[in-house]
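No lab work stands behind these numbers, since they all come straight from the coordinates. Not measured: the values here are computed from a predicted model. Cβ coordinates were reconstructed from backbone atoms using ideal geometry, including for glycine residues, and neighbour counts include every protein chain displayed.
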Amino acid sequence: MGMRMGVAWLLLLTIGIFELDAVYGYVRPPPRKTLFVPHAEEDADTPQQVHISQVGQNMMRISWITDNSTPAKVSYGPSPSANALSTTGNTSSYNYLIYKSGEIHEVVVGPLNPNIVYYYRLGDQPSSPTRQFKTTPSQFPIKFAVIGDLGQTDWTRSTLEHVNKSNYDMLLLPGDLSYADLYQPLWDSFGRLVEPLASQRPWMVTQGNHEVEKIPLIHGTPFTAYNARWHMPFEESGSDSNLYYSFDVVGVHIIMLGSYTDFDSSSPQYKWLQGDLENVNRAKTPWVVVLIHAPWYNSNTAHQGEFESVEMKASMEGLLYQAHVDIVFAGHVHAYERFTRVYQDKTNNCAPMYINIGDGGNREGLATKYIDPKPKISIFREASFGHGVFEVVNASHALWTWHKNDNDEAVVSDSIWFTSFSSNPSCKQ
């Protein structure tokens, strides 16, 4: 990058960080080193930043980027030849100030058989490498990896290595992906960093504050990069926004909410959530899981009293309680914390369990200070980087484990078995 462009980006980044700090009012720890993963290939037609996401029960969306204009085509099949089937999709790009993205390709493939490996090739170049992905199972058990506030640091790399060893079926990410923070090449770096995992298992994400990337008077459209790069299946769930959606996988109904878009009772998101919860069929999906970015419960000193946490909780907590949501995962706070089942700040055996897991590996460091004494509703809390595994064994039982990686080894530090509300006669459905 030339001196002039570097100065321009530094100025914009400074503006953006000031804006974020002014809005969210949190004095962050010293920054950590950010990794930058360069484009390893000189061929501008070579696919990069490949990731997949689930669409409906038996379809997958494959997304990738090329420097040049190439066909949005996927050849795939159950054998390594990957030539049994082929389909085409769409190509787009976006501009962000002085940055122009590569060609963003999206192709939806399927119908696919459950719990098997498919091989695939991208584009129409014979030299395109053969990749593979595994579809999710059609019946229990199913294993989810859960990471919040991932970023791209050395901690991120170790977290991803640990997740890769967990043999997960799907990854859930409650916001703050790349920490590009206006500097768009970091989105490209992030795509390359996660590609080894995200190209083999579906990654389902929602947005955090670091995805907003709105600069007053300079770039007024929020979520430009996020929406262009991480297209989630919102259309299939009746949502009007990529910022909130739901989907079913095996017997789990998963709802991704947007902490940084309107959520009051007159908002489209609130009305969509209300209808989505009303349509949950517990005979089909006995488990209901919600992901948000800004936590509704938090005994860390970081991010206390923020609008997105306080007001979203006031608006939507009742909906989740009435629908007997089983568990709520959140990010934002760079530490781990598990609460008991709680509603309106009190223990309630018919309320969701809340877990904050914003400790994936961001450059801002850990949030190490907690409120003392520990609230009774907080069961376990620790400021360490790590990831979670949510293993749904059957319609009634699931195991949650949190693995910290402060010593570059995944160590189970918190775990709990719990039952679904669909199997709990004391809580009426």
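Please say if the stretch 313-364 is rounded, prolate or oblate, where rounded means a/c under 1.5 for a ≥ b ≥ c the square roots of the C-alpha gyration tensor eigenvalues, and otherwise the choice is prolate for a/b larger than b/c and oblate otherwise? Here the stretch 313-364 falls in the prolate category. Since only TYR343, ASN362, GLN152 are under comparison, the one whose Cα sits farthest along the positive direction of the charge dipole of the chain, derived from C-beta charges on Lys, Arg, Asp and Glu, is TYR343. Length gained on full extension, SER267 to ILE116: 50.3 nm, using 0.36 nm per residue less the C-alpha separation. Taking the DSSP bridge list for the stretch 142-423 and keeping only pairs wholly inside it, about 65 percent are antiparallel. Checking the cross-link pairs LYS313/LYS376; LYS73/LYS134; LYS134/LYS404; LYS143/LYS284 against a 23 Å limit on the alpha carbon distance flags LYS134/LYS404 as lying beyond it. Distant-in-sequence amide contacts of SER299, defined by a placed amide H-H separation under 5 Å and a gap of 5 or more residues or a different chain, comprise nothing. Here r is the Cβ-Cβ distance between TRP417 and ILE371 and R0 is 25 Å; the resulting FRET efficiency, rounded to 0.05, is 0.35. For VAL117, what is the net charge nearby, where nearby means another residue's Cβ is under 12 Å from its Cβ and Lys, Arg count +1, Asp, Glu -1? For residues surrounding VAL117, the net value is +3. Each residue in GLU364, GLU278 was given a count of other beta-carbon atoms within 10 angstrom of its own, and listing them fewest first yields GLU278, GLU364. Helices meeting the span-like rule in the chain (full DSSP H runs, Cα extent of at least 27 Å along the helix axis, mean Kyte-Doolittle score of -1.0 or higher): 3-24. Put in order of Cβ neighbour count within 10 Å, fewest first, the listed residues MET204, MET312 become MET204, MET312. Based on the Kirkwood approach, the hydrodynamic radius assigned to the stretch 48-134 is 13.4 Å, with every pair of different Cα atoms included. With 10 Å bins beginning at zero, the pair-distance distribution over Cα atoms of the stretch 264-348 amounts to 15, 50, 31, 5, 0 %.
Measuring nothing but how far apart in sequence close Cα pairs (under 8 Å, 6+ apart) lie, relative to its length, the stretch 48-134 scores a relative contact order of 31 percent. The C-alpha radius of gyration of the stretch 78-222, expressed as a fraction of 2.2 N^0.38 Å, stands at 1.18. Residue exposure proxy: LYS73, LYS374, ordered by other Cβ atoms within 10 angstrom of their Cβ from fewest to most, comes out as LYS374, LYS73.
With both labels modelled 7 Å from their Cα along Cα-to-Cβ, the SER92 to PHE380 distance reads 4.0 nm. Relative intensity of the stretch 142-423 on a log10 scale, I(q)/I(0) at q = 0.09, 0.10, 0.17 Å⁻¹, equals -0.37, -0.46, -1.55, per a Debye sum over C-alpha point scatterers of equal strength in the absence of solvent. For the chain, adding -39500 (n - 2.57) for each run of n ≥ 4 DSSP H residues and dividing by the number of residues yields -6000 deg cm²/dmol at 222 nm. Dividing the radius of gyration of the alpha carbons in the stretch 237-296 by their Kirkwood radius gives 0.96 for Rg/Rh.
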